[in-house]
């Protein structure tokens, strides 16, 4: 089963389970979750696609903005 999570539809300050707090993107102004991975560039996640597989779950960003360092 594939699902699409659209964080732009959630109100500011809401908490998306497993993702974090919804805030305005510093690049485009839309709502999203700011991610700062340890081994990568920061980005604001607006939407992601998830698929449950036999050995776990795969998530892939479908809409995001790269944040400049």
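The values are calculated or read from the model by the stated rules, or taken from the named source; none is laboratory data. Remember, it's a predicted structure, so these values are computed and weren't measured experimentally. In this analysis, Cβ positions are derived from the backbone assuming ideal geometry, glycine residues included, and neighbour counts consider all displayed protein chains.
Determine which member of the set 39, 24 is modelled with pLDDT of 95 or more and exposed (fewer than 14 other Cβ atoms within 10 Å of the Cβ).
Only one candidate qualifies: 24.
Quick check on my filter: what residues within the range 48-60 are surrounded by 14 or more Cβ atoms within 10 Å (Cβ to Cβ) and touching a residue at least 12 places away in the same chain (Cβ under 8 Å)?
48, 49, 50 - these are the residues of the range 48-60 that are surrounded by 14 or more Cβ atoms within 10 Å (Cβ to Cβ) and touching a residue at least 12 places away in the same chain (Cβ under 8 Å).
Find all pairs meeting these conditions: Cβ atoms under 6 angstrom apart; at least six residues apart or on different chains; first residue within the range 6-33 and over 20 Å from residue 50 (Cβ atoms); second residue modelled with pLDDT of 95 or more and assigned to a loop (DSSP other than H, G, I, E, B).
Note: pairs meeting the criteria are 12/22.
Can you confirm whether the range 35-47 contains a residue that is touching a residue at least 12 places away in the same chain (Cβ under 8 Å), over 15 Å from residue 63 (Cα atoms) and touching a helix residue (DSSP H, G or I) at 6+ places or on another chain (Cβ under 8 Å)?
So far as the range 35-47 goes, no, none of its residues is touching a residue at least 12 places away in the same chain (Cβ under 8 Å), over 15 Å from residue 63 (Cα atoms) and touching a helix residue (DSSP H, G or I) at 6+ places or on another chain (Cβ under 8 Å).
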